[in-house]
Amino acid sequence: MEPIIAFIIIFGALVFFHELGHLIFAKRAGILCREFAIGFGPKVFSFKKNETVYTIRLLPLGGFVRMAGEDPEMIEIKPGQVVGLLLDKNGNVDKIIVNHKDDYPNAKIIEVEQADLEHHMYITGYVEQNDDRLERFSVNEPAFFVVDRQEIQIAPYHRQFAAKTLGQRTMTILAGPLMNFVLAFVVFLLIGLLHGYPVDKPIVGELTKEGAAREAGLQQGDVILSINNEPVKTWTQVVSIIRAHPEEKLLFKIQRDEKVMDIAVTPDAKKVQGETIGLIGVYEPMEKSVFGSVKQGVIETYYWTKEILIGLGQLVTGQFKLDMLSGPVGIAVSTGKVAQSGIYYLMKWGAILSINLGIVNLLPLPALDGGRLLFFAIEALRGKPIDRQKEGIVHFIGFALLMLLMLVVTWNDIQKFFL
């Protein structure tokens, strides 16, 4: 259960911050956000704050922000339909009762003649209690439909996603992946502040429980001046010499406090990718500082972004095979293994996954954020948006293909780890 719990927590956090980016910029643009969801499927927990329902759903495999206007509005009032109206003290509509009208004895019952709930915000109809006289009612903002005793906020056109400028829509979609990069930087920063960050200095870091360094008497914090009378200035030099001399005695000249002493260390031999190298059981030295942690956060975020992009390039050019990809199952297994190494390794793994999620979502593929951004770029070049129905078909096909790829990758993971 521990790997599963670790995976749910980490993946849930990545999805939460990704969708939070969408939510923040959507609200800044004035878009009505109906729901902020983590997971898919049936609701497990939900609460409403202001206009938005925040939910946790059963399957922790993603999330979404449901914005008004992205999908066709669920409720349409048609001529001839009988509805109830709840009015405020000025006679304007607060709520439109679509069904179960008997539950609202104070509602004014009308047969709809015409309704514009997007632009001019009015509804006209024949009032049953007034000899079927045609009346016009202004609709407040906000106002609500009441369906099966549940309130659903009416979205005027200016509160819908499609009504916003190209720049506002672009930032709303782009904010999700960007938030993943920000999250990764913050995590790397926290690791630096709490645990420290590696420095390229010839200083003995933390020692493993067993190893040649501990047996020889080296201690954490010892400054290495030379190895076999060869002066060393960096940790990179120290590692290079140790790796090149497996099972060969090395004379370390070290400074401990005010004393300089010689300690003989014989590196253990270990085979790595067919090559025998020397190891002494010492981690690289670490330091802690605010400035250094910020710098390390930038370096780590850049480094892993570059590495993931290189991996994607190899996948496109055929150097990286499809069966080497991992889906949720493979990520869950890997997360469990990393969790056994400690909280800081788990934090770093989460940051790397966050960068990966941000990059994947920026790919110009239908159904991904990058696919939507591609349509926005085309809109900018054409000077007008692509037909929404055609764009929807492209995204649907893209989503179906992505689900197929997910099934293939998941089956590969099951074969790799469980069969």
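Would you check if there is a residue in the range 232-242 being surrounded by 15 or more Cβ atoms within 10 Å (Cβ to Cβ), in contact (Cβ under 8 Å) with a residue 24 or more places away in the chain and in contact with a Leu (Cβ under 8 Å, 6 or more places away or on another chain)? Checked against the condition, which is being surrounded by 15 or more Cβ atoms within 10 Å (Cβ to Cβ), in contact (Cβ under 8 Å) with a residue 24 or more places away in the chain and in contact with a Leu (Cβ under 8 Å, 6 or more places away or on another chain), the range 232-242 yields at least one hit. Out of Arg136, Arg66, Arg57, one residue alone is open to solvent by 60 Å² or more (accessible area, probe 1.4 Å), closer than 25 Å to Phe36 by Cβ, part of a strand (DSSP E or B) and charged (D, E, K, R). It is Arg66. Applying a threshold of 9 Å to beta carbon distances and a minimum spacing of six or more residues, or different chains, the list of pairs starting in the range 277-291 at a residue that is without any contact (Cβ under 8 Å) to a residue 60 or more places away in the chain and crowded, with 18+ Cβ neighbours inside 10 Å and ending at one that is of a type outside the set (Phe, Trp, Tyr) and part of a helix (DSSP H, G or I) reads Gly278/Ala212; Gly278/Ile241; Gly278/Ile242; Gly278/Arg243. The listed residues are Pro42, Pro3, and the only one of them that is surrounded by 16 or more Cβ atoms within 10 Å (Cβ to Cβ) and at pLDDT below 95 turns out to be Pro3. Filtering the range 393-417 to residues that are closer than 8 Å to Ala367 by Cβ and open to solvent by less than 80 Å² (accessible area, probe 1.4 Å) leaves His395, Gly398, Leu402.
Of the candidates Gly311, Gly371, Gly330, the single residue that is among the small types (Gly, Ala, Ser), open to solvent by less than 40 Å² (accessible area, probe 1.4 Å), more than 30 Å from Tyr283 (Cα to Cα) and part of a helix (DSSP H, G or I) is Gly371. The condition (being within 24 Å of Val65 (Cβ to Cβ), touching a helix residue (DSSP H, G or I) at 6+ places or on another chain (Cβ under 7 Å) and in a helix (DSSP H, G or I)) is satisfied by just one residue among Leu346, Leu357: Leu357. When Tyr157, Tyr104, Tyr126 are screened for being farther than 24 Å from Lys49 by Cβ and touching a His at 6+ places or on another chain (Cβ under 6 Å), only Tyr157 passes.
Table: residues versus (1) more than 24 Å from the chain's Cα centre (by Cα); (2) touching a residue at least 24 places away in the same chain (Cβ under 8 Å).
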position	(1), (2)
Leu368	no, yes
Leu374	no, no
Ala377	no, no
Ile386	yes, no
Lys390	yes, no
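Among the conditions (1) more than 25 Å from Val139 (Cα to Cα); (2) open to solvent by less than 20 Å² (accessible area, probe 1.4 Å); (3) touching a Lys or Arg at 6+ places or on another chain (Cβ under 9 Å), Gln168 misses just one, which is (2). Count of the range 69-85 residues, restricted to those that are open to solvent by less than 40 Å² (accessible area, probe 1.4 Å), of a type outside the set (Val, Ile, Thr) and at pLDDT 90 or above, is 2.
The values are calculated or read from the model by the stated rules, or taken from the named source; none is laboratory data. The model shown is predicted, which means the values in this text are computed figures rather than measured ones. All Cβ positions, even for glycine, are placed from backbone atoms using ideal geometry, and neighbour counts span all protein chains on display. To get the accessible areas, we keep the full protein, side chains included, count just its heavy atoms, and leave off ligands, DNA and RNA. Shrake-Rupley method; radii C 1.70, N 1.55, O 1.52, S 1.80 Å.
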